[in-house]
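Take a look at the structure set out below.
Here, each number is a calculation from the coordinates, and none is a lab measurement. Quick caveat: nothing in here was measured; it's all calculated off a predicted structure. We place every Cβ from the backbone using ideal geometry, glycine too, and count neighbours over all the protein chains shown.
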């Protein structure tokens, strides 16, 4: 009988030693990932429509040197705020295509921030149209292909603004 207990104890010790010594919460990397096709020469133009709040941007892009014209004016002249300029050029940076395409855009309606958001969506959609296989995953992950549906809420009757009411008086 004692040899049986000893054998069981030896098996238990071997099982503990065979267990992994470190644990991780990360999932192992996928082994089979099909590589994206390499980009060919940039020769295809594209077009896209972007909307944000009340602004609508019609965007056309073509291979070039990275010049961005908005309503016939340069980007820095139309959007002097560096934050808006960065927002607009983000789709090119995500794809590594800075200074690869010329952009011609027509924007109507809305304010400055809405127009910048509309232009970014229009550029992202036109880049997506040019090369879906290579561009779509990166643009989708960065969130550049989804339209921001937030718009200004309408004013209601009897209120000063959409939700602001006059101060309540008990008597």
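Subtracting the Cα-Cα distance of residue 73 and residue 102 from 0.36 nm times their residue separation leaves 9.1 nm of extension gain.
The order of 107, 68, going from fewest to most other C-beta atoms within 10 Å of their C-beta, is 107, 68.
Label the range 46-142 by shape, choosing from rounded, prolate and oblate, from the square roots a ≥ b ≥ c of the eigenvalues of the Cα gyration tensor; if a/c is under 1.5 it is rounded, and otherwise prolate applies when a/b is larger than b/c, oblate when it is not. It comes out prolate by the Cα gyration axes. Computing percent of Cα pairs over 23 Å apart directly from the structure and comparing it against [x] 48; [y] 37; [z] 58 singles out [z].
Annotation for residue 141 and residue 9: the two label points, set 7 Å from Cα along the Cα-Cβ direction, are 5.4 nm apart. Computed per residue of the chain from DSSP H runs no shorter than four, each worth -39500 (n - 2.57), the mean residue ellipticity at 222 nm is -12000 deg cm²/dmol. Between 151, 44, 56, the residue with the greatest mean-square fluctuation in the GNM of the chain (Cα pairs under 10 Å linked by springs) is 151.
For the options 114, 48, 96, a Gaussian network treatment of the chain with springs between C-alpha atoms closer than 10 Å singles out 96 as fluctuating the most. From least to most packed, judged by other beta carbons within 10 angstrom and beginning with the fewest, 54, 26 follow the order 26, 54.
Against the main long axis of the alpha-carbon atoms of the chain, helix 2-18 sits at an angle near 30°.
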